[in-house]
Amino acid sequence: MERILRFILLGAFGALLVSGFQCASADLTTARNAMRKQDWAAAKTALTKVLATDPSNCDALVLLADVSTKQNDVPGMVDALRNLKTCTGITPKLASEVSGRLYNVWVGEYNEAIKLYNEANSTGDKSKYDECIKHLQTAYEVKPEFSDPLTLIGQAHEMRGDTNAAILAYRTWWEAESAGFDVAKTKGITLGMNRGALLKGMGTPLQTKIDSLPEAIVYKDRFDVGGRMLLVFAAAEGGNADAVVEGWTYAPASTISESEQWRSRMTSINPIKALAFTAYNRGNYEESLTWCNHVGAAKPLDTDLNPLRTELFARLGRTDQAVTELKNLIAKDPNNVTNRIQYAGILMNEDKFDEAIAEYNEVLRREPVNETALFNMAAVYKNRAVKAQNVERAKQQADRKYTPDESYMKDLGLSAEYFVKLRTIFKYRDDLTVLEQLANIYEVRREKKQVAEIIMELEALRERYANDRKYFEIMEGVYARNNMQDKAKEMEQILSKMK
């Protein structure tokens, strides 16, 4: 599960230093004197006169950037800094400072966009998506070297219902990021792999830096790939011993400072998923399958697209091809759990529960805490139980005297056991989907004690999920099914205000 919409920290950049590019004019001297008196309006007037006659006066641009900052004139500061970057004779140090100042602007715009996006999600006010997009567009204009805003622009457009605009943003993002995905695929680097496996495959990094954040320790490893820099970021959360790869930066632009090149970032596959679903909905099955393959290569343990992939193979008449390919891969490398997970996912989607269970058991025999296998094992047992329950209900509807066979309760019990095992992994302990599934299972199995315990755990998470609509929808259902009508009514009222 990805940590998303994380605010970004500002860099520490002070005022720019004038490097004495050329002789000072009278107006430039006037501007300096006004700045000493903190008369920013007079300073800007004088600097504007200088630049009217000499637009490439670098000293004037340096001062104008600082004056604009003091006046909180972000567009003016950005224009001055952009022009300053093209100055003849600009020193590497000043170029780095200029890039750093632009980065701070980028951070401010991006973080404001995140704030607006989250507010739009929690309140349902779609106008905030429009404001969010404006800030993101400004961020992208300030730092076109960073593709991050494009992902959120696409998501905001999707939430507004503008699929075409979303796809344009996602495709622009892919143009910027595809080379990195290709290198990662060639080198066997995948999102979610352990850092230990990364180092085993890539060798000792040329350089490593470490960031200690409140929620994680981030390792930043630099490798050389064909003469180009590849930075891979891996995070260790919640006391986990080994860090997990979250993203990479390939061949960072030379126009940004070194600190910006090392900026920790998470590589998102959400735009690729969106492109896959959109292509499918538009009947472009080959294109959709291509996007699915990109996701599979970048993050093999992500099973979100398995149902879509299976459907695409069916639409294209290739289901047997997919199964054959996976069987061959498993035969060649029986210990490759990724192939088994993909194969088991296809089996599960085709309701071949026994075969899927056998494959997931093989995965768990090799990796007892493989989170994908644990989650899907819980899901396959529950799905098998649901199918059996539906059969029994149909028999009962046809014959009211029929006594349903509830042997499927055993499968529900096994499903619960795997969900409980999954919760021993830190990031799933308070996962709403897992808790919702457990509540449902315990209710069907009439295990009142366990139901009460799950309700108590969910109630304890209310503050944490105060702005999460899904939480209140889950609680409304749980309360209603357990005859806690007053609390169910309270959840209904909260949900009505979140619309």
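Read the figures in this text as sums done on the coordinates, not as results from a lab. No experiment lies behind these values; they were computed from the predicted model shown. When we count neighbours, we look across all protein chains shown, and the Cβ atoms used for this are built from the backbone with ideal geometry, even at glycine.
Gain on full extension, evaluated as 0.36 nm per residue between Lys185 and Ala314 minus their Cα-Cα distance, stands at 43.8 nm. Counting only alpha carbon atoms, the long axis of helix 485-498 and the longest principal axis of the chain meet at about 30°.
At q = 0.32 Å⁻¹, what log₁₀ I(q)/I(0) does the stretch 193-246 have when each alpha carbon counts as one equal point scatterer in the Debye sum? Result of the Debye calculation: -1.32. Over the chain, DSSP H runs of length four or greater, each weighted -39,500 (n - 2.57), average out per residue to a 222 nm ellipticity of -21000 deg cm²/dmol. Scanning residues 5 or more positions from Thr267 or on other chains, those with amide H under 5 Å from its amide H are Gly247, Trp248, with H placed 1.01 Å from N in the peptide plane.
Distance from the C-alpha centroid of the stretch 139-201 to that of the stretch 246-275: 7 Å, rounded to the whole angstrom. Relative contact order for the chain: 7 percent, from Cα pairs under 8 Å spaced at least 6 residues apart, divided by residue count.
Compared with the dominant principal axis of the Cα atoms in the chain, helix 371-398 is inclined by about 40°.
Here the extension length gained between Lys448 and Val74 equals 128.7 nm, from 0.36 nm per residue of separation less the Cα-Cα distance.
Going highest first, how would you order 154-165, 190-201 by mean Cβ packing within 10 Å?
Numbers: 154-165: 18.4, 190-201: 16.8.
In decreasing order of mean packing, 154-165, 190-201 become 154-165, 190-201.
Comparing Ser68, Leu47, Ile90 along the charge dipole axis of the stretch 26-90, the residue lying farthest to the positive side is Ser68, per the Cβ-charge model. For Val225, the residues whose amide H sits under 5 Å from its own are Leu230, ignoring neighbours fewer than 5 places away on the same chain, with H placed 1.01 Å from N.
Neighbours of Gly161 by Cβ distance under 13 Å: Lys/Arg scored +1, Asp/Glu scored -1, total -1. Backbone geometry of the stretch 133-139 corresponds, through the Karplus equation with coefficients 6.51, -1.76 and 1.60 at θ = phi - 60°, to 3J(HN,Hα) couplings of 4, 4, 5, 5, 5, 5, 4 Hz, x marking Gly and Pro.
Can you work out the base-10 log of I(q)/I(0) for the stretch 26-90 at q = 0.12, 0.21, 0.25 1/Å, using the Debye formula on its C-alpha atoms alone? Once normalised to I(0) and log-transformed, intensities are -0.24, -0.75, -1.03.
Within straight-line reach of Lys449, meaning a Cα separation under 21 Å, sit the following lysines at least 8 residues removed in sequence or on another chain: Lys382, Lys410, Lys421, Lys487.
Taking Rh as the Kirkwood radius computed over C-alpha pairs, what is the Stokes-Einstein D of the stretch 244-385 at 37 °C in a medium of viscosity 0.692 mPa s, expressed in µm² per second? Estimated diffusion coefficient is 197 µm²/s. Among residues other than Leu289 with Cβ under 11 Å from its Cβ, the summed charge is 0 (Lys and Arg +1, Asp and Glu -1). Sorting Leu364, Leu61, Leu347 from the fewest to the most surrounding beta carbons within 10 angstrom yields Leu364, Leu347, Leu61.
Relative to the first principal axis of the alpha-carbon coordinates of the chain, what is the inclination of helix 270-281, with its axis defined by its Cα atoms, in degrees from 0 to 90 and to the nearest 10? Taking the Cα atoms of the chain, the angle to 270-281 is about 60 degrees. Partner aspartates and glutamates whose Cα lies under 17 Å from the Cα of Lys448, excluding those fewer than 8 positions away in the same chain, are identified as Glu417, Glu436, Glu457, Glu459. Using the beta-carbon distance between Ser178 and Leu495 and R0 = 35 Å, what value does 1/(1 + (r/R0)^6) give for FRET efficiency, to the nearest 0.05? For R0 = 35 Å, the calculated efficiency reads 0.30.
Alpha-carbon geometry of the stretch 392-499: the Rg and the Dmax are 16.1, 48 Å, given in that order. Within a straight-line Cα-Cα reach of under 18 Å, Lys332 cannot be paired with any lysines, leaving aside sequence neighbours fewer than 8 residues apart in one chain. In plain terms, the chain from Asn483 to Ser122 could stretch by 127.2 nm, reckoned as 0.36 nm per residue minus the Cα-Cα distance.
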